[in-house]
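Below: one structure, written as structure tokens.
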Amino acid sequence: MPTSGQIWFRAGGIYADQDPYHVHYCRINFDGSGLVKLTRGDGHAHHSLFPPTGRFLLDSYSRVDLPPVTELRRAHDGALVCGP
């Protein structure tokens with residue numbers, strides 16, 4: 001859940017060990033500090049749901065050679081809470 005003074009966005013090519021076309025969710029402060037990569041899964045088409053509390057995000061992604069994967073992550077730092 002976006003908070004004041006931050007930009008939440010999607011970006012590609014942020015992990016050197018993944019296909020640069022895989023798009024991930026990130027957050028950064030308006031002043032350019034505090035970049036947080038919120039998703040990490042090695043897949044494409046990340047679809048994230050942000051529950052109203054803003055504490056967690058539910059991230060689902062897939063690839064042509066990987067069935068869909070769903071992970072529960074903390075919205076504060078992107079840490080994995082539950083998932084493979």
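Before moving on, here are some points about what is shown:
- Summary value for the chain: 21 percent relative contact order, contacts being C-alpha pairs under 8 angstrom separated by 6+ residues.
- Cα extents of the chain along the three principal axes, largest first (Å): 39, 26, 16
- Distance between the 7 Å Cα→Cβ label points at TRP8 and VAL81: 1.4 nm.
- Overall form of segment 3-44 per C-alpha gyration tensor (a/c, 1.5; a/b vs b/c): prolate
Readers should treat all values here as calculations from the given coordinates under stated rules, not as data from a laboratory. All values derive from a computational prediction rather than experimental measurement. No Cβ is skipped: glycine too gets one built from the backbone with ideal geometry, and neighbour counts run over all protein chains shown.
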